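Since the structure comes first, as structure tokens, the remarks are kept for the end.
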Amino acid sequence: MAEALFELEEILISRKESLTSEEAKLLNSWKQNAVRDFGIGATGASIATWLVTRRLNNLVRMNLTAGVGFYYGIRRFSKCVDSEIEQILSQHGTRLQTGLAEM
């Protein structure tokens, strides 16, 4: 789904149409929100996994921690991108909505 937002950004830049301040803010903020959610998910899941697996070997603990952290980071990233797309589609009559609908 993130590819759709990247394509939308490229389409709008190539058209050289001016966006409203609300549209520009939404288009610029989705990347920051997605990266922040990835970091929160990965960090939280990694800490929880590290604390739960105390009895295991450190190498196994590191592998589990990295895997679980990456999984939950990607999961939160995906949910954030999906919510941004839904937010764009819920706006009526904006250039962002029409550009996303055309794809």
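No lab work stands behind these numbers, since they all come straight from the coordinates. Quick caveat, the model's predicted, so the values are computed rather than measured. A quick note on method: Cβ atoms are made from the backbone with ideal geometry, for glycine too, and the neighbour counts reach across all protein chains shown.
Looking at the stretch 40-62, which of its residues are of a type outside the set (Val, Ile, Thr) and surrounded by 14 or more Cβ atoms within 10 Å (Cβ to Cβ)?
Residues of the stretch 40-62 that are of a type outside the set (Val, Ile, Thr), as a first pass: 41-42, 44-46, 48, 50-51, 54-59, 61-62.
Within the stretch 40-62, 41, 42, 44, 45, 46, 48, 50, 61, 62 meet the criteria.
So in the stretch 85-103, with the set limited to residues that are on the phi < 0 side of the Ramachandran plot and assigned to a loop (DSSP other than H, G, I, E, B), which one is surrounded by the fewest Cβ atoms within 10 Å (Cβ to Cβ)? Before you say what the answer is, go through the steps one by one.
Step one: of the stretch 85-103, the residues on the phi < 0 side of the Ramachandran plot are 85-92, 94-103.
With the extra rule that they be assigned to a loop (DSSP other than H, G, I, E, B), the set shrinks to 91-92, 94, 103.
Working: 91: 14, 92: 6, 94: 17, 103: 9.
Out of the qualifying residues, it is 92.
If residue 37 satisfies every condition in (1) touching a residue at least 40 places away in the same chain (Cβ under 8 Å); (2) among the charged types (D, E, K, R); (3) more than 15 Å from residue 87 (Cβ to Cβ); (4) assigned to a helix (DSSP H, G or I) but one, which is the exception?
Evaluating residue 37 over (1) touching a residue at least 40 places away in the same chain (Cβ under 8 Å); (2) among the charged types (D, E, K, R); (3) more than 15 Å from residue 87 (Cβ to Cβ); (4) assigned to a helix (DSSP H, G or I) leaves (3) as the failure.
Pick from the stretch 48-84 the residues that are basic (Lys, Arg) and part of a helix (DSSP H, G or I): which of them is nearest to residue 3 (Cα to Cα)? Full working, then the answer.
Our first condition is that a residue be basic (Lys, Arg); within the stretch 48-84, this holds for 54-55, 61, 75-76, 79.
Those still in the list that are part of a helix (DSSP H, G or I) too: 61, 75-76, 79.
Working: 61: 33, 75: 16, 76: 16, 79: 14 Å.
Among those residues, the one meeting the criterion is 79.
Considering only the stretch 8-41, state which residues are closer than 13 Å to residue 97 by Cα and under 16 Å from the mean Cα position of the chain (by Cα).
Of everything in the stretch 8-41, those that are closer than 13 Å to residue 97 by Cα and under 16 Å from the mean Cα position of the chain (by Cα) turn out to be 8, 9, 26, 27.
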